[in-house]
Amino acid sequence: MFCRHKKYDFDVLHLQDNLKTRSVQGSVIVLFSQILRVIFKTGGVMVLARLLEPEDFGLVAMAMAFVLFGYTLKDAQLTAATVQRPHITHEQVSVLFWVNTGLGVLICILLALAAPFIAQFYNNPRLLLVVIALGGGIVIDGLGVQHGALLKRQMRYFEISMINFFAMAFSVLLAIGMAWMGMGYWSLVALTISQSLVLLLGSWLITGWYPGWPRDFRSAVPLLKFGWTLTLAQLIGEIRKSCVNALLGYVKGPIVLGYYSRAQMLFELPIQQLTWPLSSLAVSAMSRAVGDPARYRRAYLAGIEQLSFVMVPIFAVLIVYAHESVLLFLGEKWNHVVPIFVILAFNGFVVPFLVSSYWLFVSQNRGVEYLKFQLAGTIIFILLLAIGIIW
């Protein structure tokens, strides 16, 4: 199957003629689909919080403190390379596909080998199989990375939104069913893996592109360099979250980490469901307009205005009604989440500015500067974490 490929049009020059119209249409589609996803996922969060215990969430958070590095590395930010470049070939994308796939397999093997040590680190043998299972999900993710990137490159936002919605809906329903049957933390593991599987199948079917064998590595070297620079920057950013989860799990155990992970989940829910999809739209539009300063400026300002318009009111309401929000989303047994969530939610007011900085770096192919930006922020964060962890 990999030796033959359907003829695929990688050209994006035609998108520049109606860039503003496509961006506006894309914004409407993304926003509407994300509202549906938020409603559906919020319902799933509410049900799972009542079916599962804090310890179940804490166990998975312990594993994810290490597995998240694998999800970051397997992507290698080669999606950004595919989206950002004005010209790209079938041979180049095929190389990137096999790099993503190979990294996914390698990371899965490394996690399987590290699983006994991770379980020993936490002194919790249940983590052994959890880490191995989540590592398998990384292989599935790697197989669909480039297909998702091609959809973003062509600004096919309706198809992207439909795939993401059905993947999320299927995984949430599966997790709820497993939790109702008493399968505990395994329902959360299935949530992650099943979502990756549906995304993989959907992106392959809708894209219609099939990779060839990796023959021309030399032509893909600039893309690989760009992707790895962004990967290192993203990996440094993931260290911040992993340090919190690893230290809290080690010092306080799965129950306390379960409370923190749910507060973090509530904080990230509007960001993941609204901010990052709009980011994909903004990066695509700005990458197509990078040669026109006036159009580029308009695309950036439109993106950050949309983000601020959506995010600031959401977090303002969540802060004022923090107790009611936690009670609604999670239930009465999660009262300890409220003060943690309030502190985290204040960060929501600066999210549009932090996220938009990523658009600028990626669309202008300034990976090295983005790496320095992430490194400085992470150093400051770890210093503050070292001071605050004693409390």
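A simple spin-label model places pseudo-atoms 7 Å from Cα toward Cβ; at Arg50 and Glu159 they are separated by 3.9 nm. Rounded to the nearest whole Hz, the Karplus-based 3J(HN,Hα) values (6.51 cos²θ - 1.76 cosθ + 1.60, θ = phi - 60°) of the range 360-369 follow the sequence 4, 5, 6, 5, 9, 6, 10, x, 5, 5, with x at glycine and proline.
The listed peptides 51-62, 303-314, ordered by packing as a protection proxy, come out as 51-62, 303-314 (highest mean of other Cβ atoms within 10 Å first). Amide H contacts of Tyr210: Lys6, each under 5 Å away and 5 or more positions distant or on a separate chain (H built 1.01 Å from N in the peptide plane; Pro and chain starts excluded).
For the range 375-388, putting each phi into the Karplus relation 6.51 cos²θ - 1.76 cosθ + 1.60 with θ = phi - 60° gives couplings of 4, 4, x, 5, 4, 5, 5, 5, 4, 5, 5, 4, 6, x Hz, in residue order, rounded to whole numbers and with x for Gly and Pro.
Hey, with R₀ at 45 Å, roughly what FRET efficiency would Leu301 and Gln120 work out to, going by the Cβ-Cβ distance, to 0.05?
Efficiency, from the Cβ-Cβ distance: 0.30.
Put simply, the amide H of Asp292, placed in the peptide plane, has no neighbours under 5 Å, leaving out anything fewer than 5 places away on its chain. Across the range 327-332, computed HN-Hα scalar couplings (Karplus, 6.51 cos²θ - 1.76 cosθ + 1.60, θ = phi - 60°) run 4, 5, 6, 10, x, 5 Hz from first to last residue, x flagging Gly and Pro.
The accessible-area ordering, largest first, of the residues Val131, Val105 stands as Val105, Val131, per a 1.4 angstrom probe. Rolling a 1.4 angstrom probe over the range 312-386 with all protein chains present gives an accessible area of which 76% lies on carbon and sulfur atoms.
The values are calculated or read from the model by the stated rules, or taken from the named source; none is laboratory data. These numbers were taken from a predicted model, which means no experiment stands behind them. Here the Cβ is made from the backbone with ideal geometry for all residues, glycine too, and neighbour counts use every protein chain on show. Surface areas here come from the heavy atoms of the whole protein model, side chains and all, with no ligands, DNA or RNA. Shrake-Rupley method; radii C 1.70, N 1.55, O 1.52, S 1.80 Å.
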